[in-house]
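S.K.: Got a structure here, written out as structure tokens. Questions coming.
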Amino acid sequence: MTDHVRYGLYLPPFGPFGDPAALVDLAVRAEAAGWDGVFLWDHVVPAMPPIADTWTTLAAIAQATSTVLLGPMVTPPSRRRPWLLARQAATLARLSRGRLILGTGIGSDETGDFSRFGDPSSPAELSSRTDEAMDIIRAMWAGEALRHEGSHYRVSLDAADPEPYPIPVWTASTTQHERVLRRAAGSDGIFPLPGPQPLPPAELASLVAQVRPSDRPYEVAVAGNASPAWEEPATVDLAALAEAGMTWWMESLIHFDPLDLSLKVVDAGPPRIGG
């Protein structure tokens, strides 16, 4: 069965996408063209200037649209104070009336998002911070009284009302390290990012078998290029990926391409399985 697949756009907020007004326009056009979601990378240092703030832009997108799901894909809790991230996410969930998906990962220092500001950047440190941060964030969303004394964070909060909208959390994975798989299995979805090409269907099926719980819904997002609007023909087999467990296809827009070409892909609509 392949009719369970939804289709999103996955793009950076910098380079030709660095104008927040252009990103809002792109999201409005995506909704009109039938896309199910619009998801922005979350960086501080751009690979190509200018850069727009992901969270501010998503708030504007939430106000300008009504049906597309949206969110940072991905944000590193290790780079943010978890209590601020919890409030930002909860506010965006309310503003969008439950359309937020929070993509999370330990973060990458490829452009210096950590090291340029004197923050720790080793994978082990970022992994530890991410796990502790997500425990705090989930507790705050649930309205739990919180007395936390951890390795990285200290929090003292009284109980409060839980957030009115559930906020699904997806875990990005660039490896299949045991800790990453455990984090993904405890979340609401996984977003494998192995490199420039998506995982082959057999490898995706193996990964899904390791992390998908049997007692609740679970999303599997895969990124790549499948739109017929690209100048080069797509070779990805969406049907095979769907059979392997994919529930979201994320059409990847990149800052190397001219904005006009990316908008052509947006306006063409999703590359649905079976035409």
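The values are calculated or read from the model by the stated rules, or taken from the named source; none is laboratory data. Computed from a predicted structure; not experimentally measured. Glycine also receives a Cβ, built like all others from the backbone with ideal geometry; neighbour counts cover every protein chain displayed. Each accessible area value is taken on the protein alone, full model and side chains, heavy atoms only, with ligands, DNA and RNA left out. Shrake-Rupley method; radii C 1.70, N 1.55, O 1.52, S 1.80 Å.
S.K.: Quick check: anything in the stretch 156-178 charged (D, E, K, R), surrounded by fewer than 16 Cβ atoms within 10 Å (Cβ to Cβ), touching a Leu at 6+ places or on another chain (Cβ under 9 Å) and on the phi < 0 side of the Ramachandran plot?
M.R.: Taking the stretch 156-178 as the starting set, the residues that turn out to be charged (D, E, K, R) are 158, 161, 163, 178.
Filter once more, keeping what is surrounded by fewer than 16 Cβ atoms within 10 Å (Cβ to Cβ): 158, 161, 178.
Going one step further and asking which of them are touching a Leu at 6+ places or on another chain (Cβ under 9 Å), we end up with 158.
When the remaining residues are screened for being on the phi < 0 side of the Ramachandran plot, the result is 158.
Yes: one or more hits.
S.K.: Same structure again: Read through the list (1) under 17 Å from the mean Cα position of the chain (by Cα); (2) surrounded by fewer than 22 Cβ atoms within 10 Å (Cβ to Cβ), then give the number of the only condition that ASP25 fails.
M.R.: (1)
S.K.: Let me ask something else. Just checking, how many residues over the stretch 3-45 are more than 27 Å from LEU238 (Cβ to Cβ) and assigned to a strand (DSSP E or B)?
M.R.: 1
S.K.: In addition: Is it true that some residue in the stretch 131-152 is among the hydroxyl-bearing types (Ser, Thr, Tyr) and open to solvent by less than 30 Å² (accessible area, probe 1.4 Å)?
M.R.: No, the conditions are met nowhere in the stretch 131-152.
S.K.: Given the criteria of a type outside the set (S, T, N, Q), assigned to a helix (DSSP H, G or I) and open to solvent by 50 Å² or more (accessible area, probe 1.4 Å), does ALA60 qualify? Steps first, answer last, please.
M.R.: Details: of a type outside the set (S, T, N, Q): yes; assigned to a helix (DSSP H, G or I): yes; open to solvent by 50 Å² or more (accessible area, probe 1.4 Å): no.
Criteria not met by ALA60.
S.K.: Starting from residues that are more than 23 Å from PRO12 (Cα to Cα) and surrounded by 14 or more Cβ atoms within 10 Å (Cβ to Cβ), keep the ones in the stretch 217-237 and report whichever is nearest to the chain's Cα centre (by Cα).
M.R.: TYR218
S.K.: Only one residue in GLU144, GLU110, GLU125, GLU132 is assigned to a loop (DSSP other than H, G, I, E, B), closer than 25 Å to GLU178 by Cα and of a type in the set (D, E, K, R). Which one?
M.R.: Values: GLU144 fails: closer than 25 Å to GLU178 by Cα; GLU125 fails: assigned to a loop (DSSP other than H, G, I, E, B); GLU132 fails: assigned to a loop (DSSP other than H, G, I, E, B).
Exactly one residue qualifies, and that residue is GLU110.
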